[in-house]
C-alpha cells in the first residue's frame with residue numbers, strides 16, 4: 001500500500017489562503033479528529049502560545065476522500081523564493097487542443113476572481129499562477145503533464 005501524503009502551505013493569513021484553495025479545489029473544512037467536536041477543542045490539548053488562535057490554521061480535505069489533505073498554517077516569516085514543490089490544478093475533460101486550452105484559460109480566470117494571479121502563460125499548455133500570498137501553482141489539462149516547473 002502506498003503512503004498517503006498531506007500538503008502544508010505556510011502563509012500569513014490562513015483563512016484567506018484556505019478560502020482560495022477551497023474555491024480552487026472544491027475542498028471543504030476537515031472535521032476535527034475524533035473524539036473532538038471542534039477545532040478549538042482539539043487545539044486546546046496542545047501547549048500553544050497564548051497569542052495563537054484557531055484562525056492561525058486551516059485544515060482542508062477532498063470531500064470525496066481522493067486528494068491529499070491541505071494544512072494551511074500561519075508562520076511569521078514572509079515567502080522569499082519560488083516554491084520547490086507546487087500544486088498542479090488539473091482541468092478535466094477531453095477534446096481538441098483548442099478546447100483544452102479554452103478550459104485551462106476559463107479555470108485560470110475563475111481563480112483570478114477568487115484572488116489568484118496569473119504569473120505566466122505557456123500558450124496551449126499550462127498557466128503558472130499564484131494564490132493570494134504568492135504560492136505558485138499551475139493550471140493544466142488533466143491529460144497534459146507540466147513541462148516546466150514554476
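The table below gives the values:
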{"item": "Cβ-based exposure ranking for 126, 94, in which fewest neighbours within 10 Å come first", "result": "94, 126"}
{"item": "Approximate spin-label separation residue 102-residue 50, in nm, with each point projected 7 Å along Cα-to-Cβ", "result": "6.0"}
{"item": "Cβ-based exposure ranking for 108, 71, 117, in which fewest neighbours within 10 Å come first", "result": "117, 71, 108"}
{"item": "Tensor-based shape of segment 87-141 (alpha-carbon gyration tensor, a/c under 1.5 rounded, otherwise prolate or oblate)", "result": "prolate"}
{"item": "Pair residue 66, residue 79: separation of 7 Å Cα→Cβ label points (nm)", "result": "2.6"}
{"item": "Theoretical ellipticity at 222 nm over the chain - DSSP helices of four or more residues, -39500 (n - 2.57) apiece, nearest 500", "result": "-7000 deg cm²/dmol"}
{"item": "Calculated SAXS-style log₁₀ I(q)/I(0) at q = 0.13, 0.22 Å⁻¹ - the chain, Debye, Cα scatterers", "result": "-0.65, -1.47"}
{"item": "As computed over segment 6-74, the Cα convex hull volume per residue (Å³)", "result": "88"}
{"item": "Proxy reagent accessibility, fewest Cβ within 10 Å first, across 36, 27", "result": "36, 27"}
{"item": "Candidates 140, 34, 18: whichever shows maximal mean-square fluctuation once the chain is modelled as a Gaussian network with Cα springs under 10 Å", "result": "34"}
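Each value in this text was obtained by applying a stated rule to the coordinates, not by laboratory testing. Computed from a predicted model, the values in this text were never measured in an experiment. Reconstructed Cβ throughout: ideal geometry from the backbone, glycine too, with neighbour counts over all protein chains shown.
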